[in-house]
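Chemist: Handing you a structure now.
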Amino acid sequence: MKSFSSPSNSSTITGFILLGFPGPREEQILLFVLFSTVYLLTLMGNGSIICAVHWDQRLHTPMYILLANFSFLEIWYVTSTVPNMLANFLSDTKVISFSGCFLQFYFFFSLGSAECFFLAVMAFDRYLAICRPLHYPTIMTRRLCTKLVVSCWVLGFLWFLIPIIIISQMSFCGSRTIDHFLCDPGPLLALTCKRAPLIELVFSTLSPLPLVIPFLFIMGSYVLVLKAVLKVPSAAGKRKAFSTCGSHLAVVSLFYGSVLVMYGSPTSEHEAGMQKIVTLFYSVLTPLLNPVIYSLRNKDMKKALQKFLGT
């Protein structure tokens, strides 16, 4: 990795300053307590789903195996940003090391990409369950489910590997301040000593693909699901079919709704404050809400959680 230096090369700096949410000391402590609580609740919620699926034999099906992996991913997704953000609330310098910044950048976007792939695979699972119910057990086998899970993890972590290596080798000059609570590519590329149009083009081309391709796949799956459900003669049958998709659709809407607001238009159109709020929603609040959505809307999960928690 190249060092971060001033234009005159008179000094060498080993990190960046993440401004986060600037304010008086009392406000920083309040935010620390708030986000510490959110983080702990997120770990507990997603951890409970993993444990419920692991210990309840009735949940050893592809749908719940995918959900357990998704919850495991959510734990690491929120862990890629929140602990550093909490440390910054109590820090006077708010410095993140050069390597720490790029590691956060890599894990945050890799886990986000893996989340998109998992949402697409979960949509495929619901499509098979509703549109191909008789063939579902023979198609969605444990072996296929395992392959899909591994593919989501591998694709997510390989997607940004080359771009992040290239960007980390660049030289950074001038201000080392990033007006965000995480190492986002936009502010990072703005700090480079020399514009690199080719790298910016590669990154701007690769970045949307893990969002767009799974999103189109999810929408296509649910169009077919909707067609199949509308052909069901009884109202009770339609409600049952929709209920199996309701939780997943709610999670997709929360995640993609906020992400598309953030990345669906040029970064310059967003003020720094709005960027932080939208990023907070899909990176911190969504992982908190997902276990609540799945446990409230799914009777089997609710029973398993009650059994696991001993209530």
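The values are calculated or read from the model by the stated rules, or taken from the named source; none is laboratory data. Here the structure is a predicted model, which means the values were calculated and not measured. A quick note on method: Cβ atoms are made from the backbone with ideal geometry, for glycine too, and the neighbour counts reach across all protein chains shown. With ligands, DNA and RNA removed, areas are computed over all heavy atoms of the protein, side chains included. Shrake-Rupley method; radii C 1.70, N 1.55, O 1.52, S 1.80 Å.
Chemist: Scan the range 81-119 residue by residue and report those that are under 30 Å from residue 294 (Cα atoms) and without any contact (Cβ under 8 Å) to a residue 60 or more places away in the chain.
Modeler: Selection gives 83, 86, 106, 107, 110, 111, 114, 118.
Chemist: Could I ask something else about it? Confirm whether residue 85 is under 23 Å from residue 21 (Cβ atoms) and hydrophobic (A, V, I, L, M, F, W, C).
Modeler: yes
Chemist: Can you spot a residue in the range 170-178 that is in contact (Cβ under 8 Å) with a residue 12 or more places away in the chain, open to solvent by less than 20 Å² (accessible area, probe 1.4 Å) and either closer than 30 Å to residue 94 by Cα or of a type in the set (D, E, K, R) (or both)?
Modeler: yes
Chemist: Starting from the range 220-248, take each residue that is part of a helix (DSSP H, G or I) and list its partners that are β-branched (Val, Ile, Thr), counting only C-beta distances under 6 angstrom and pairs at least six apart or across chains.
Modeler: 225/130; 228/130; 238/229; 238/232; 241/130; 241/229; 247/293
Chemist: In the range 39-68, which residues are β-branched (Val, Ile, Thr), touching a helix residue (DSSP H, G or I) at 6+ places or on another chain (Cβ under 6 Å) and open to solvent by 20 Å² or more (accessible area, probe 1.4 Å)?
Modeler: Of everything in the range 39-68, those that are β-branched (Val, Ile, Thr), touching a helix residue (DSSP H, G or I) at 6+ places or on another chain (Cβ under 6 Å) and open to solvent by 20 Å² or more (accessible area, probe 1.4 Å) turn out to be 50, 65.
Chemist: Does the range 75-83 include one or more residues that are modelled with pLDDT of 90 or more, open to solvent by less than 50 Å² (accessible area, probe 1.4 Å) and more than 14 Å from residue 287 (Cβ to Cβ)?
Modeler: no
Chemist: Does the range 91-101 contain any residue that is part of a helix (DSSP H, G or I) and touching a helix residue (DSSP H, G or I) at 6+ places or on another chain (Cβ under 6 Å)?
Modeler: So far as the range 91-101 goes, no, none of its residues is part of a helix (DSSP H, G or I) and touching a helix residue (DSSP H, G or I) at 6+ places or on another chain (Cβ under 6 Å).
Chemist: Which members of the range 187-202 meet the condition of being in a helix (DSSP H, G or I) and either buried (at least 17 other Cβ atoms within 10 Å of the Cβ) or free of Cβ contacts under 8 Å to residues at least 24 places away in the same chain (or both)?
Modeler: 187, 188, 189, 190, 197, 198, 200, 201
Chemist: Turning to a different aspect of this structure: Which residues, counting only those in the range 151-178, are of a type outside the set (Val, Ile, Thr), under 20 Å from residue 204 (Cβ atoms) and either outside any helix (DSSP H, G or I) or at pLDDT 85 or above (or both)?
Modeler: 155, 156, 158, 159, 160, 161, 169, 170, 172
Chemist: Also, quick follow-up: Identify all residues within the range 126-165 that are β-branched (Val, Ile, Thr) and within 23 Å of the chain's Cα centre (by Cα); write none if there are none.
Modeler: Residues satisfying the conditions are 146, 149, 150, 154, 162, 164, 165.
Chemist: A follow-up question, please. From the residues in the range 100-139 that are closer than 16 Å to residue 182 by Cβ and hydroxyl-bearing (Ser, Thr, Tyr), which one is most open to solvent (accessible area, probe 1.4 Å)?
Modeler: The residue in question is 106.
Chemist: Another question, if that's okay. Any chance you could count how many residues in the range 204-259 are in contact with a Gly (Cβ under 8 Å, 6 or more places away or on another chain) and surrounded by fewer than 18 Cβ atoms within 10 Å (Cβ to Cβ)?
Modeler: 0
Chemist: I would also like to ask the following. Can you list residue pairs whose Cβ atoms sit under 6 Å apart, with the first residue in the range 129-150 being part of a loop (DSSP other than H, G, I, E, B) and the second being surrounded by 11 or more Cβ atoms within 10 Å (Cβ to Cβ) and modelled with pLDDT of 90 or more? Count only pairs 6 or more apart in sequence or on different chains.
Modeler: From residues that are part of a loop (DSSP other than H, G, I, E, B), the pairs are 140/62; 140/128.
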